[in-house]
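Encoded as C-alpha coordinates, the structure appears first; notes follow it.
The values are calculated or read from the model by the stated rules, or taken from the named source; none is laboratory data. Here the structure is a predicted model, which is why all the values come from computation and not from measurement. No Cβ is skipped: glycine too gets one built from the backbone with ideal geometry, and neighbour counts run over all protein chains shown. Accessible surface areas use protein heavy atoms only, side chains included; no ligands, DNA or RNA. Shrake-Rupley method; radii C 1.70, N 1.55, O 1.52, S 1.80 Å.
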Amino acid sequence: MKAVIQRVKRASVSAEDRVIGSIGPGLLILVGVHQDDNRKIMEWVAEKIINLRIFSDEEGKMNRSVQDCNGELLVVSQFTLYGNIEKGTRPSFIESAKPDVAEPLYDDMVSYLKDRSNLGVQEGRFGAMMEVELVNDGPVTIIIEK
(Lines give C-alpha, C1' and ligand atoms only; values in the text may rest on other atoms or scores of the structure.)
Protein backbone atom coordinates (compact mmCIF):
# COMPACT_ATOMS: atom_id res chain seq x y z
CA MET A 1 0.00 0.00 0.00
CA LYS A 2 1.20 3.45 -0.84
CA ALA A 3 -0.10 6.68 0.65
CA VAL A 4 0.83 10.21 -0.32
CA ILE A 5 0.08 12.42 2.67
CA GLN A 6 -0.16 16.17 2.25
CA ARG A 7 -0.54 18.55 5.16
CA VAL A 8 -3.25 20.97 4.09
CA LYS A 9 -4.97 24.13 5.23
CA ARG A 10 -8.04 22.86 3.38
CA ALA A 11 -8.90 20.27 0.74
CA SER A 12 -11.91 18.97 -1.13
CA VAL A 13 -12.83 16.27 -3.58
CA SER A 14 -15.58 16.47 -6.20
CA ALA A 15 -17.22 13.93 -8.47
CA GLU A 16 -19.76 14.71 -11.17
CA ASP A 17 -19.43 18.46 -10.46
CA ARG A 18 -20.43 18.00 -6.81
CA VAL A 19 -18.25 18.26 -3.69
CA ILE A 20 -18.39 14.88 -1.95
CA GLY A 21 -15.82 15.52 0.77
CA SER A 22 -14.06 18.52 2.22
CA ILE A 23 -11.87 19.32 5.22
CA GLY A 24 -10.22 22.23 6.94
CA PRO A 25 -6.72 21.89 8.40
CA GLY A 26 -5.47 18.31 8.36
CA LEU A 27 -4.24 15.69 5.94
CA LEU A 28 -5.14 14.85 2.37
CA ILE A 29 -4.35 11.17 1.86
CA LEU A 30 -4.06 9.67 -1.63
CA VAL A 31 -4.17 5.86 -1.27
CA GLY A 32 -2.99 3.27 -3.77
CA VAL A 33 -3.61 -0.41 -3.10
CA HIS A 34 -1.04 -2.93 -4.34
CA GLN A 35 -2.15 -6.33 -5.63
CA ASP A 36 -0.44 -8.05 -2.66
CA ASP A 37 -1.90 -5.83 0.08
CA ASN A 38 -3.95 -7.13 2.99
CA ARG A 39 -5.62 -5.85 6.16
CA LYS A 40 -2.43 -6.03 8.22
CA ILE A 41 -0.62 -3.75 5.76
CA MET A 42 -3.60 -1.37 5.66
CA GLU A 43 -3.62 -1.11 9.47
CA TRP A 44 0.13 -0.40 9.56
CA VAL A 45 -0.26 2.43 7.02
CA ALA A 46 -3.33 3.85 8.79
CA GLU A 47 -1.54 3.90 12.16
CA LYS A 48 1.39 5.73 10.60
CA ILE A 49 -0.98 8.30 9.12
CA ILE A 50 -2.81 9.16 12.35
CA ASN A 51 0.40 9.24 14.40
CA LEU A 52 2.69 10.96 11.89
CA ARG A 53 4.24 13.99 13.58
CA ILE A 54 4.28 16.60 10.83
CA PHE A 55 2.46 19.49 12.51
CA SER A 56 4.34 22.22 14.33
CA ASP A 57 4.44 22.51 18.10
CA GLU A 58 4.77 25.75 20.07
CA GLU A 59 8.48 25.94 19.13
CA GLY A 60 7.82 25.49 15.42
CA LYS A 61 9.17 21.92 15.32
CA MET A 62 7.29 19.07 13.64
CA ASN A 63 6.28 17.28 16.83
CA ARG A 64 2.49 17.06 16.64
CA SER A 65 0.25 14.56 14.89
CA VAL A 66 -3.01 15.33 13.13
CA GLN A 67 -4.74 13.98 16.24
CA ASP A 68 -2.79 16.36 18.50
CA CYS A 69 -4.03 19.24 16.34
CA ASN A 70 -7.65 18.05 16.10
CA GLY A 71 -7.22 18.06 12.33
CA GLU A 72 -9.29 16.28 9.73
CA LEU A 73 -8.59 13.62 7.12
CA LEU A 74 -9.64 13.45 3.47
CA VAL A 75 -8.97 10.00 1.99
CA VAL A 76 -8.97 9.57 -1.80
CA SER A 77 -8.30 6.32 -3.68
CA GLN A 78 -5.68 6.61 -6.43
CA PHE A 79 -4.65 3.46 -8.29
CA THR A 80 -2.19 5.46 -10.40
CA LEU A 81 0.24 5.55 -7.45
CA TYR A 82 1.42 2.15 -8.65
CA GLY A 83 2.01 3.32 -12.22
CA ASN A 84 5.29 1.86 -13.47
CA ILE A 85 7.20 3.80 -16.15
CA GLU A 86 10.43 1.80 -16.29
CA LYS A 87 9.72 0.86 -19.91
CA GLY A 88 8.45 3.53 -22.25
CA THR A 89 6.39 6.56 -21.34
CA ARG A 90 2.94 5.03 -20.87
CA PRO A 91 2.49 3.84 -17.27
CA SER A 92 1.67 0.22 -16.55
CA PHE A 93 -0.75 -0.32 -13.68
CA ILE A 94 -0.26 -4.08 -13.42
CA GLU A 95 0.86 -3.79 -9.77
CA SER A 96 -2.31 -1.94 -8.73
CA ALA A 97 -4.90 -4.16 -7.09
CA LYS A 98 -8.00 -4.94 -9.11
CA PRO A 99 -11.14 -3.13 -7.89
CA ASP A 100 -12.57 -6.25 -6.20
CA VAL A 101 -9.47 -6.31 -3.94
CA ALA A 102 -8.71 -2.59 -3.71
CA GLU A 103 -12.18 -1.26 -2.90
CA PRO A 104 -12.72 -3.35 0.26
CA LEU A 105 -9.24 -2.40 1.55
CA TYR A 106 -9.87 1.26 0.80
CA ASP A 107 -13.25 1.10 2.58
CA ASP A 108 -11.61 -0.72 5.50
CA MET A 109 -8.98 2.02 5.75
CA VAL A 110 -11.61 4.75 5.89
CA SER A 111 -13.52 2.81 8.58
CA TYR A 112 -10.31 2.11 10.50
CA LEU A 113 -9.32 5.79 10.48
CA LYS A 114 -12.80 6.74 11.74
CA ASP A 115 -12.78 4.07 14.46
CA ARG A 116 -9.17 4.50 15.66
CA SER A 117 -9.02 8.28 15.82
CA ASN A 118 -11.01 11.21 17.12
CA LEU A 119 -10.78 12.89 13.73
CA GLY A 120 -13.32 13.98 11.19
CA VAL A 121 -12.81 11.72 8.17
CA GLN A 122 -14.09 12.52 4.70
CA GLU A 123 -13.56 10.45 1.57
CA GLY A 124 -13.64 10.41 -2.17
CA ARG A 125 -15.62 7.90 -4.24
CA PHE A 126 -13.74 4.74 -5.17
CA GLY A 127 -13.34 4.32 -8.94
CA ALA A 128 -14.88 7.68 -9.78
CA MET A 129 -13.30 10.38 -11.89
CA MET A 130 -12.59 13.00 -9.24
CA GLU A 131 -11.23 16.49 -8.92
CA VAL A 132 -9.11 17.18 -5.85
CA GLU A 133 -8.43 20.72 -4.67
CA LEU A 134 -6.05 21.58 -1.87
CA VAL A 135 -4.07 24.30 -0.23
CA ASN A 136 -0.86 22.56 0.80
CA ASP A 137 0.48 23.75 4.15
CA GLY A 138 4.23 24.11 4.12
CA PRO A 139 4.29 22.46 1.68
CA VAL A 140 4.63 19.20 3.58
CA THR A 141 4.25 15.97 1.62
CA ILE A 142 5.19 12.51 2.92
CA ILE A 143 5.03 9.15 1.12
CA ILE A 144 4.33 6.01 3.16
CA GLU A 145 4.76 2.62 1.55
CA LYS A 146 4.56 -0.86 3.00
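Using only helices, what value at 222 nm comes out for the chain when you add -39,500 (n - 2.57) per DSSP H run of length 4 or more and divide by the total residues, to the nearest 500 deg cm²/dmol? Mind dumping the intermediate values first?
On the way: 2 runs with 31 residues, N = 146.
Helices in the chain give a 222 nm mean residue ellipticity of -7000 deg cm²/dmol.
On a 0 to 90 degree scale, rounded to 10, what angle separates helix 39-51 from the longest Cα axis of the chain? Once rounded, one gets 30 degrees.
Within the listed set 35, 122, 78, the Gaussian network model of the chain (springs between alpha-carbon atoms below 10 Å) gives the highest mean-square fluctuation for 35. Centre-to-centre, using Cα atoms only, region 107-146 and region 1-42 are separated by 3 Å. Solvent exposure of region 86-128 amounts to 66 Å² per residue of accessible area, where only protein heavy atoms count and the probe is 1.4 Å.
Counting only alpha carbon atoms, the long axis of helix 99-116 and the longest principal axis of the chain meet at about 10°.
Just add up the charged neighbours of residue 104: K/R +1, D/E -1, any other residue whose Cβ is under 13 Å from the Cβ of residue 104. Net charge in that neighbourhood comes out at -3. Net charge of the neighbourhood of residue 14, taken over other residues with C-beta under 10 Å away and scored Lys/Arg +1, Asp/Glu -1, is -2. Of the solvent-accessible surface of region 72-146, computed with a 1.4 Å probe and all protein chains present, 50% belongs to carbon and sulfur. Computed on the chain, with alpha-carbon pairs under 8 angstrom and 6+ residues apart, the relative contact order is 38 percent. Taking a sphere under 10 Å around the Cβ of residue 37 and counting the other residues whose Cβ falls inside, with K and R at +1 and D and E at -1, yields a net charge of +3. A Förster radius of 41 Å, combined with the Cβ-Cβ distance separating residue 80 from residue 57, puts the computed FRET efficiency at roughly 0.75. Short to long, the 5 Å bins of the Cα pair-distance histogram for the chain hold 2, 10, 20, 22, 20, 14, 7, 3, 1, 0 percent of all pairs.
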